[in-house]
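In what follows, a single structure is set out as structure tokens and then discussed.
Any read-out appearing in this document is the output of simple, stated calculations on the displayed coordinates, not a laboratory observation. Because the structure is a prediction, the values reported are computed rather than measured. As a convention, Cβ positions derive from the backbone with ideal geometry for all residues, glycine included, and neighbour counts pool all protein chains shown.
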Amino acid sequence: MRKNIVAGNWKMNKTLQEGVALATDLKNILNGTKPNCEVIIGTPFIHLATVAELVKGSVIKVSAENCADKASGAYTGEVSAAMVKSTGAEFCIIGHSERRAYYHETYDILKDKVQLALENGLQPIFCIGEVKEEREANKQNAVVKAQLEGSVFNLNAEDFGKIVLAYEPVWAIGTGLTATPEQAQEIHAYIRSLVTEKYGKEVADNCSILYGGSCKGSNAKGLFSNPDIDGGLIGGASLKAEDFKAIIDAF
Ligand code: PGA
């Protein structure tokens, strides 16, 4: 059966020292507890190696927030999936709406990133979701379908089985607006139906689909209690250990 997951996404926040302090706080606050979900923290590249070492032996796993769409070579400033893997990170967020919007990451670029992450033993946390205008035009289903078809439905069932999906309505990210549990459940069920159609019921039943967008301690339980919502991808509320723990405790 699929896993429940609470994953943090620090985005472009925290110096190395601040990030180490946050990871230490989280490790301490979770010490001796047995969360009913997998706990992942997504950090900037510069934190990965240090934080992965720091949380070793704890319940916390580490994710990058991005990786390059090329394997290696003359791509100044880029960080490859192999490099991410070498830090001890096990996951890689791919296709976050901020990457799609500000860095023009297309379906094809994301398809390459997913492929490289998998080839290097990283589990992609693949993000999908519609913008406000698309929701207002009731196009959210068509949007997530195109995003899946464009970047991950090319995979075979074995590889697809390694992917975690994150549905993040762009209008809810960092805005304080959250999809209602009903809105989220409805589209999560639709996403799972697409996976069923493509890969069959077993793969779909095993696929964790996280919700992201202004998820916090006060609304996490209402969201996570739905049958097709398997956890959260958390931005703002992952930047303080107590806030993040409150979401983990929702399970
Ligand atoms: P937020 O971000 O929780 O700050 O809305 C979620 C995300 O972008 O992953």
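Starting from the Cα of Lys56, draw a straight line to each of the lysines and keep only those under 18 Å, dropping any in the same chain fewer than 8 residues away. Reachable lysines: Lys27, Lys34, Lys85.
Determine, from the Cβ-Cβ distance of Lys56 and Glu136 and an R0 of 30 Å, the FRET efficiency 1/(1 + (r/R0)^6), rounded to the nearest 0.05.
Once the sixth-power term is evaluated, E becomes 0.05.
For the stretch 127-192, applying the loop criterion from DSSP together with a ceiling of 16 other beta carbons within 10 Å to the trypsin sites (Lys or Arg not before Pro) yields Lys139, Lys162. When the chymotrypsin sites (Phe, Trp or Tyr not before Pro) in the stretch 1-82 are filtered for DSSP coil states and for at most 15 other beta-carbon atoms within 10 Å of their beta-carbon, the remaining sites are Tyr75. Computed extension length for His104-Ala157: 16.3 nm, one decimal, from 0.36 nm per residue of separation with the Cα-Cα distance subtracted. Applied to the stretch 160-168, the Karplus parametrisation 6.51 cos²θ - 1.76 cosθ + 1.60 on θ = phi - 60° returns per-residue 3J(HN,Hα) values of 4, x, 8, 8, 9, 9, 10, 8, 10 Hz, with x for Gly and Pro. Between the residues Ser86, Ser193, Gly19, the greatest Cα displacement towards the positive end of the dipole of the stretch 5-248, with unit charges on the Cβ of Lys, Arg, Asp and Glu, is found for Gly19. Backbone geometry of the stretch 104-111 corresponds, through the Karplus equation with coefficients 6.51, -1.76 and 1.60 at θ = phi - 60°, to 3J(HN,Hα) couplings of 6, 7, 8, 3, 5, 4, 5, 4 Hz, x marking Gly and Pro.
Here the label points at Asn13 and Thr175, each 7 Å from Cα along the C-beta direction, are separated by 1.9 nm in the simple model. I'd like the distance between the alpha-carbon centres of the stretch 28-44 and the stretch 78-129, rounded to an integer number of Å. So the separation of the two Cα centres works out to 22 Å.
Given Lys145/Lys201; Lys132/Lys240; Lys70/Lys216, which pairs have Cα atoms separated by over 24 Å? Mind dumping the intermediate values first?
On the way: Lys145/Lys201 17 Å; Lys132/Lys240 28 Å; Lys70/Lys216 35 Å.
Table pairs above 24 Å Cα-Cα are Lys132/Lys240; Lys70/Lys216.
For the stretch 5-248, the alpha carbon convex hull comes to 118 Å³ per residue, rounded to a whole number.
Suppose R0 equals 45 Å. What FRET efficiency, 1/(1 + (r/R0)^6) with r the Cβ-Cβ distance, do Glu182 and Ser86 give to the nearest 0.05?
0.55
Which residue fluctuates the most in the chain, going by a Gaussian network model with Cα springs under 10 Å, if the choices are Ala179, Ala241, Ala101? Of Ala179, Ala241, Ala101, the most mobile in the Gaussian network model is Ala101.
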